[in-house]
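> One structure is given below, represented as structure tokens, and several questions about it will come after.
The values are calculated or read from the model by the stated rules, or taken from the named source; none is laboratory data. Note that the structure is a prediction, hence the values are computed from the model and not measured. Counting neighbours? That spans all protein chains shown, and the Cβs are built from the backbone with ideal geometry, glycine included. Heads up: the accessible areas ignore ligands, DNA and RNA and are worked out on the full protein's heavy atoms, side chains in. Shrake-Rupley method; radii C 1.70, N 1.55, O 1.52, S 1.80 Å.
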Amino acid sequence: TASVQSATTEFHVYGLEWTPEKLVFSVDGKVHYTYNPTNKNASTWPFNSDQFLSLNVAMGGTLGGNIDPNFISGTMEIDYVRVYK
């Protein structure tokens with residue numbers, strides 16, 4: 001898994017190309033992950049149903065390292081969101 005070193009200091013273009021066959025996730029045009037299960041069924045491919053776009057700042061767990069114990073709040077700055085159908 002590649003990381004984006006300037007994820008918290010610079011704007012980036014996060015992309016998701018969603019086709020009937022696969023999901024391709026990218027940052028600044030560089031593919032970071034492709035989800036394409038061989039066997040697509042209700043448990044591996046629930047993407048044929050209506051979906052919602054949710055943007056949040058999730059914190060905790062092991063992704064991204066330790067959280068500074070003095071951290072109180074943060075801000076998510078979004079320049080734009082585009083959805084093409």
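> Whenever you get a sec, compute what percent of the accessible area on the chain sits on carbon and sulfur atoms (1.4 Å probe). Don't jump to the answer; show the numbers that get you there.
Values: 4170 of 7920 Å².
Ligands and nucleic acids excluded, carbon and sulfur give 53 percent.
> For the ranges 66-78, 17-29, 40-52, what's the packing order if you count other beta-carbon atoms within 10 Å of each residue, average per peptide, and put the highest first?
In descending order of packing, they fall as 17-29, 40-52, 66-78.
> Using only the alpha carbons of the chain, what is the convex hull's orientation-averaged projected area in square nanometres?
About 7.5 nm², averaged over all directions.
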